[in-house]
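Note sheet for the following structure.
The values are calculated or read from the model by the stated rules, or taken from the named source; none is laboratory data. In this text, all values refer to a predicted model and were calculated from it rather than measured experimentally. Every residue, glycine as well, gets a Cβ built from its backbone with ideal geometry; the counts of neighbours run over all protein chains shown.
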Amino acid sequence: MHNLWRDEEARGLSGIDLLVYRSRLIGRDTGLVVWGGGNTSIKHQESDFRGRRLRVMRVKGSGSDLKTIRAEQFPGIRLDDLETLEQRDSMTDEEMVAYLVHCLMEPGSSRPSIETLLHGFVPHPHIDHTHADAILALTNTLDGRKHAEAVYGQETIWIPYRRPGFTLSREVAQAVRNHPKARCVVLEKHGLITWGQTAKESYDATIEMNTRAEQYARDRAKGKAVFGPPARPALPGSGRRAVAARIAPYLRGLLSGRALEGGGEPNAETARVVLRFDDGDDVLEFTSSEAGPQLCLAGPATPDHLLYTRPRPLFVDGQAPVDLESPEGIAALKEAIAKGLQKHAAWYDLYFKKHATGKEPRLDALPRVILLPGVGMLTAWKDARHTRIVADIYHHTIGVMRGAQGIGEYRSLTVKDTFEVEYWPLELYKLGLAPPEKELARRIALISGAANGIGRATARRLAAEGCHVVVTDLDGEGAQTVAREICEAQGLDRALGLRMDVTDESSVASAFQETAVAYGGLDIVVSNAGMAHSSPIDRLDLEDWRRSLEVNATGHFLVARAALRLLKEQGIGGSLVFIASKNVPAPGRDFGAYSAAKAAETQLARVLAIEAGEHGIRVNIVNPDAVFQDSRLWSGAVREERARAHGVPVEDLEDFYRRRNLLKVRVLAEDVAEAALWLASDRSAKTTGCIIPVDGGVREAFPR
Ligand code: ZN
């Protein structure tokens, strides 16, 4: 492990600024902390709001991440108030949380870390606490204590596993006082605590202790195949992605309330999940190994991981020995997934019954990590940010198992300890504090023609309601720009930008495959991509006619067909929204190629509504009129031709359309997006085969 401390960077920093510097160094190494794990602190003098000098501890706030932490994310705790707690015999987590609020230097500052007492009771000015992989590899073995002592001798204090909280904090502090020569504490199946008189001393100790553990693990692993010989060959990369894309919608359906074959209606109450595919080398090695299926059942490496990955993953095994990519291979894999989920649910039932005290609300039995030998891993949770966190953490779980197997034999939390952490009242309380989910949370939408205009406005609107959006366009770079903006506004991985040519069957297939790999499936399609061509029919080129039909009719067919296949596979319904045109019910002159193709699109959508209804898939249409705003449909030539067709000067065209409608309004892309949102959402759950005009009111275009 590298020591990243640079004197030239740290010079001039002191107090909390130096704490921020040190914390970020620790946060930069994912071998030390991942996704908000670990915490750091400093004890020093500060002035309170009346100018009195006090002893204050600054400790990481709950929910912040060391990698990016800022000074204000370290709430201050008055040490005189905190230290007296050590005299108590016991304290519940709830009492501790309530008490700490009274010790805060700034009312309303972020809540201090759940491990605050550990920092407060240990009497050293600088403390680092990490759930480091190398330390877990040492402690999560059959003879963890023996290995820790072999590495550190008298320099460490070994503390047997106990759930974090008041008792553990007091135990650690007493042990540190009783062993003044110790330089660190190793917490069984939990992590490492180091300290120092200076920030650098504490950081250096963290790095040194980890480096020594890594070296020990390397030495002990020499010549060992830690996961045993490979038992199942992995597919090549493209094959893995193709299989994942075929499997993911089926799995997503099952995890999101779809009933098994012959098992009745889908359960609408079950929250949907989003999936993520990952086929990292470590995942492939682990899932393909002889030891993988058993090892993964041993459980999480540390309490911190458990809250993300749940007690066990689902290891999908028992596939028929056929080519995985063949239809028989896919069918066998699906069967194995369905059986595996049933077995997993039965195991979870027993686990809950055995350990529940009667006070806990039962959590769902769904696995968050699904391991597919030869293919990779799918992670499942409420949104793409969380599926990424689960995946990242499972990579570290594999790393810890690798290290532990090299040292000795991997051991995890006992099943009872696992239950205690999973049903930790404090964690359940935190879950209860989460803000209500947005309307389209856990949903996935694919939108065509979304680099600008109506498509872009719709992508932004759906994303603002919590939806994951796949922004597709013939202009791939434009699509990626829109996706990037959405991720910046709405959060990590919430949008994906792809080039998709709606007239090209293989381009459409590949966009749907990428969608399944990135998010696991689909709920909403907004089929919007279109082009305009204006010309009187007697002067219309065959090529221009064909091109309009290609994009404005066939393009919708190709997208709709791919969507329908995927949605049926998934089995939890869906919503398709077609952006057509006011020109369908009320065609204008010189717009033959456009209007005829848009009429075909409309009729396609209506037949689709008839065919898809029995699968809970709704199909609806929006008819906008004259949406000029940043639209490529209204390019210079089309604008001039339409002005000529209506007999108005080109600069008056927008105004002409505005005056033509009953409400005398300009129709904006956002207005169309609003209708698309309503049709995409469950608010229109009982509506299919419908047409909504967004045209300011055009009498000739009233749907009938
Ligand atoms: Zn901890």
Going by what's in this entry, would THR357 be described as more than 16 Å from the ligand (Cβ to nearest atom), in contact with a strand residue (DSSP E or B) (Cβ under 8 Å, 6 or more places away or on another chain), more than 23 Å from LYS189 (Cα to Cα) and outside any helix (DSSP H, G or I)? no
Scan the range 309-333 residue by residue and report those that are farther than 21 Å from ALA346 by Cα and either touching a residue at least 60 places away in the same chain (Cβ under 8 Å) or within 16 Å of the ligand (Cβ to nearest atom) (or both). LEU324, GLU325, GLY329, ILE330
Taking the range 432-446 on its own, how many of its residues are in contact with a Lys or Arg (Cβ under 8 Å, 6 or more places away or on another chain) and free of Cβ contacts under 8 Å to residues at least 12 places away in the same chain? 0
Based on what the data block shows, is GLN197 more than 26 Å from ALA137 (Cβ to Cβ) and of a type in the set (S, T, N, Q)? yes
Mind checking which residues of the range 37-93 are of a type in the set (Phe, Trp, Tyr), surrounded by fewer than 15 Cβ atoms within 10 Å (Cβ to Cβ) and within 23 Å of THR194 (Cα to Cα)? none
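Per-residue answers, yes or no, for (1) assigned to a helix (DSSP H, G or I); (2) modelled with pLDDT under 95; (3) within 16 Å of the ligand (Cβ to nearest atom):
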position: TRP35; (1), (2), (3): no, yes, yes
position: SER41; (1), (2), (3): no, no, yes
position: ARG58; (1), (2), (3): no, no, no
position: ILE77; (1), (2), (3): no, no, no
position: ASP89; (1), (2), (3): no, yes, no
Selection count, the range 17-36, where residues are surrounded by fewer than 23 Cβ atoms within 10 Å (Cβ to Cβ) and of a type in the set (Lys, Arg): 2
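For the range 536-546, which positions are in a helix (DSSP H, G or I) and either without any contact (Cβ under 8 Å) to a residue 24 or more places away in the chain or within 16 Å of GLY466 (Cα to Cα) (or both)? Even if it seems obvious, please write down each step before you answer.
Let us first name the residues in the range 536-546 that are in a helix (DSSP H, G or I), namely 537-539, 542-546.
Listed by number, the residues that qualify are ASP538, ARG539, LEU542, GLU543, ARG546.
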Going residue by residue through the range 447-465, is there one that turns out to be free of Cβ contacts under 8 Å to residues at least 60 places away in the same chain, over 22 Å from ASP279 (Cβ atoms) and either of a type in the set (Asp, Glu) or surrounded by fewer than 24 Cβ atoms within 10 Å (Cβ to Cβ) (or both)? yes
Tell me, please, whether a residue that is more than 15 Å from the ligand (Cβ to nearest atom), touching a strand residue (DSSP E or B) at 6+ places or on another chain (Cβ under 9 Å) and in contact (Cβ under 8 Å) with a residue 60 or more places away in the chain can be found in the range 177-194. no
Hey, ALA593 hits all of (1) touching a His at 6+ places or on another chain (Cβ under 6 Å); (2) closer than 25 Å to ALA445 by Cβ but one; which does it fall short on? (2)
State whether one or more residues within the range 66-73 are within 18 Å of HIS305 (Cβ to Cβ), assigned by TED's automatic domain parsing to the domain that holds SER202 and within 16 Å of the ligand (Cβ to nearest atom). yes
Answer yes if at least one residue in the range 195-207 is crowded, with 18+ Cβ neighbours inside 10 Å, under 27 Å from ALA298 (Cα atoms) and either within 31 Å of the chain's Cα centre (by Cα) or within 16 Å of the ligand (Cβ to nearest atom) (or both), and no otherwise. no
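Please pick out the residue among ARG240, ARG272, ARG232 that is at pLDDT below 90 and of a type in the set (Lys, Arg). I'd like the intermediate steps shown before the answer.
Details: ARG240 fails: at pLDDT below 90; ARG272 fails: at pLDDT below 90.
Going through ARG240, ARG272, ARG232 in turn, just one is at pLDDT below 90 and of a type in the set (Lys, Arg): ARG232.
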Condition check for LEU371: in the same structural domain as VAL421 (by TED's automatic domain parsing), in a loop (DSSP other than H, G, I, E, B) and away from the ligand (no atom under 16 Å from the Cβ): no
